[in-house]
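Readers should treat all values here as calculations from the given coordinates under stated rules, not as data from a laboratory. Note that the structure is predicted; figures quoted are calculated from it, not measured. Every residue, glycine among them, receives a Cβ derived from its backbone with ideal geometry; neighbour counts consider all protein chains shown.
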Amino acid sequence: MSYTKKLSAYDFAHLASLADPQVSVDGRFATYIRKSAGKSYVVLAQLDGKLEKVIHEVPVKGVHAFGSGVTQLSGDGTVLYFVTISGGIAKIDLASGGIDDVYGGPGVSQISLSADADRIAGVVFGDRVAIFDTSGIGHPIVVSEVPRQFRSFGGLPTEVGHFVSDRPDFVFDVDLSPSGDIVIWHEWALPNMPWQRSQIVYVDLKSQDVSPVINVIAGGDYFVSQPRFSPDGKKIGFLAEVYGYHRLWLADLSKWSAVLAVDEEFEHGGAPWGNGNRTFDFSRDGNSVYFSRNEAGHGRLVSMNLATSEVTELAKAHHFGVKTSNSSLVALRSGAKTPSAIVSYELPSRKRTEIESAYSEPFYSASSVEPIFGSAPYSTSLHSFVKAHFRRELAVVKPIDVPYRLYRPEGEGGVLPTIVTFHGGPTDQALVTYSVRNIAFMQAGFQVVSFDYRGSTGWGKSFRESLDTAFGVAEIVDVLSVLADLRNRRLAEPGAIVVNGGSSGGYSALRSVCMTRGLFCGGIAAYPLIHLAESAASTHRFESRYFDRLIGRLPDDINLYLHRSVVASELDDVPLLILHGDSDPVVNHRQVVRFVENAHSLGKSVEFILFKGEGHGFSASETIEAEFLAYDRFLAGISTGLGFQSSW
């Protein structure tokens, strides 16, 4: 290996998380959120000349991984508006650190600021939009509670198919025009998820008192996301899955028409699991647009000249929270060997400055490796490891090629013990971003395989929808194809494979252990689904109808839910490590506790750790340290059982 120092569980647990980069119009100042040691800070970085920082501890609302939208920087870079942890809106004078309330709350989750900083549009209670006066005077005005009419941009499907005509169930990504007179947002209604059917709506605030109406300008029957005004307010950019891929579209408001920005078989954004996704932005002069392209899971930041349509590479790696100024672009950058960092690019020179990394120096010395890309053809060669009563349902799954990425410790040759990881979602992707778990697993002597089973994003609509009705079966077929390809390449062997995953990926990992015998030597599952019908009934509202497409509708298809649930008596006799939080709002920990108790009563080897106060994903430093200590201990036991010793 190339590592110079083995990272400890303490190292993995004491990292900062960075999010929501903002930049002043002139490019002199940038702000971002830093969270470390359980505290949240706003960092003001001066970008001209010597890189100087001012740090303020503030009660800012947390954001999802790679998310943004909870802060907005005034054009001159002196005041930052932010969503508070109590769901209010406050503003901080970045020079003095003084904080004043704009709105005491509750309910705000994402905000957008007008160019003159007089108005804020905010998503409130997850399903409505309100306008706030930044002076704090007066009451919020809700602008989303009026009927919708279908008025799609030209160039998009114009037939009035499905669209939400009344109040939606969910609202994401509100954006206020620079003048503060127009507001747009992304919305949808149950039983759909946003990547199935959603819409972008447009409200002219000047007309609300005369003729209140909300125009549906894109979507309805298809997936849309990330609506955003150009700096002059004359264009709207958004992502739409019109011709099979989720890509950038640009609308000219004067012509009320939209065009596909770049006709390419790459996607420009993923599934919106939370507010504030920002994978593109207009240049301040309106002549270019910058976007992060997904190339088989790898990221690349590119610019497109709107006059010539010429596309130019700016940088490799994924870029999130993309935001431009007159002279620069800021973003959160992450890649396989690129520890996540807030960066700035001078424009047009493209010179990159790292403003702050989420990782300390040892992580740069022990950086990850670039993955080896593979595409596994459909294979039944490992179906002999599938228990007989499961083979028939696997046999009817449609054959498909499965993309994967193999992370192999440098300097290691031949067959290595393997960890194969199901990503969560399942509507998501195993993006090539910096992964501390991959580093920990490789330090333990394992190679790591991540793969995009059918249902993943990044490969177009048909691939994403190919998991519909087949969750719990089709992804198992796909992992068998990937492992068969690795065995054919003499890179992995049955019996020396640990299956791993979190959330839905944890479910699929445990389901794999239930359906096979002798293929895996262990399994790791973090906050996994166990009982599918119970999960559907008790999960948070966002995912309450998710399984309608993935499995079937309840109660009609209850037998499918029961059959595909994880049952302790079906587990293969291999050691398992299961981790869960007792405050998980997505998967109730009680179903996992019952499953573990049943497994123990049957003599199964299951190590179970229930973390107090943790939710769907772990955040406390002491929890993460315990998590990585458990990985190290569990994998050391697996290695001993295999007769393998890590080079560490």
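Straightening the chain between ASP181 and SER365 buys 61.2 nm, computed as 0.36 nm per residue apart minus the Cα-Cα spacing.
Could you size up the charge dipole of the chain around its Cα centre, putting +1 on the beta carbon of Lys and Arg and -1 on that of Asp and Glu, and report it in debye to the nearest 20? Please report the intermediate quantities before stating the final value.
On the way: 58 positive and 71 negative charges, 227 e Å.
With Lys and Arg at +1 and Asp and Glu at -1, about 1100 debye.
Could you compute the FRET efficiency for SER619 and LYS255, with r as their C-beta to C-beta distance and R0 at 51 Å, rounded to 0.05? Please list the in-between numbers first.
Numbers: r = 47 Å, r/R0 = 0.92.
Result of the calculation: an efficiency of 0.60.
I need the calculated FRET efficiency for the pair ASP26 and ASP118, taking r as the beta carbon distance and R₀ as 25 Å, to the nearest 0.05. For ASP26 and ASP118, the calculated efficiency is 0.80. When the trypsin sites (Lys or Arg not before Pro) in the stretch 580-642 are filtered for DSSP coil states and for at most 15 other beta-carbon atoms within 10 Å of their beta-carbon, the remaining sites are LYS612. Considering only LEU486, PRO194, VAL402, and ranking their Cα positions along the charge dipole of the chain that arises from unit charges at the beta-carbon of Lys, Arg, Asp and Glu, the one farthest toward the positive end is LEU486. Computed over the Cα atoms of the stretch 104-183, the ratio of the radius of gyration to the Kirkwood radius (Rg/Rh) comes to 1.02.
In sequence order, the stretch 9-16 has phi-based couplings of 4, 4, 4, 5, 7, 10, 10, 8 Hz under the Karplus curve 6.51 cos²θ - 1.76 cosθ + 1.60, θ = phi - 60°, and Gly or Pro positions carry x. For a paramagnetic label modelled on GLU493 (point 7 Å from Cα along Cα→Cβ), amide N atoms under 13 Å away belong, within the stretch 372-416, to 414-416.
Sum up the charges of everything whose Cβ sits under 12 Å from the Cβ of ILE551, counting Lys and Arg as +1 and Asp and Glu as -1, but leave ILE551 out. Kindly include the intermediate steps, with their values, before the conclusion.
Details: positive: ARG545, ARG549, ARG553, ARG564; negative: ASP468, ASP548, ASP556, ASP557.
After counting each charged neighbour, the total is 0.
Rg of the Cα atoms in the stretch 155-294, relative to 2.2 N^0.38 Å, amounts to 0.99. Residue by residue, the stretch 532-548 carries 3J(HN,Hα) couplings of 5, 5, 5, 4, 4, 7, 10, 6, 5, 4, 3, 9, 5, 10, 4, 6, 3 Hz when phi is fed to the Karplus relation 6.51 cos²θ - 1.76 cosθ + 1.60 (θ = phi - 60°); x denotes Gly or Pro. Taking N as the residue count of the stretch 78-127, its C-alpha radius of gyration divided by 2.2 N^0.38 Å amounts to 1.11.
Taking Cα centre as origin and charging only the Cβ of basic (Lys, Arg, +1) and acidic (Asp, Glu, -1) residues, the dipole magnitude of the stretch 117-157 rounds to 200 debye.
Placing dummy labels 7 Å off each Cα toward the beta-carbon, the span from LYS50 to GLU310 is 3.9 nm. Close lysine pairs were tallied over the stretch 239-366: pairs 8 or more places apart or on different chains with Cα atoms under 25 Å apart number 5.
Taking the Cβ-Cβ separation of GLU264 and LEU629 as r and a Förster radius of 60 Å, what is the calculated FRET efficiency to the nearest 0.05? Don't jump to the answer; show the numbers that get you there.
Values: r = 44 Å, r/R0 = 0.74.
According to the calculation, E is roughly 0.85.
Sequence-ordered 3J(HN,Hα) estimates for the stretch 333-342 from the Karplus curve with 6.51, -1.76 and 1.60 and θ = phi - 60° stand at 10, 7, x, 4, 10, 10, x, 4, 8, 7 Hz, glycine and proline given as x. How many nm is it between the label spots at LEU642 and VAL142, if each spot is 7 Å from the Cα in line with the beta carbon? About 5.6 nm, to one decimal.
Contact order, relative form, for the stretch 32-108: 18 percent (alpha carbon pairs under 8 Å, 6 or more residues apart, mean separation divided by residue count).
Given the rule -39500 (n - 2.57) for each run of at least 4 DSSP H residues, summed and divided by the residues of the chain, what is its mean residue ellipticity at 222 nm, to the nearest 500 deg cm²/dmol?
Details: 12 runs with 111 residues, N = 648.
Helix contribution divided over all residues of the chain: -5000 deg cm²/dmol.
Dimensions of the chain from C-alpha coordinates, computed as largest minus smallest value along each principal axis and given longest first, are 70, 57, 48 Å. For the stretch 519-550 versus the stretch 408-442, the spacing of their alpha-carbon centroids is 22 Å.
For the stretch 176-265, applying the loop criterion from DSSP together with a ceiling of 16 other beta carbons within 10 Å to the trypsin sites (Lys or Arg not before Pro) yields LYS234, LYS255. Summarising the label geometry, the points placed 7 Å from Cα in the beta-carbon direction at TYR41 and GLU543 lie 3.3 nm from one another.
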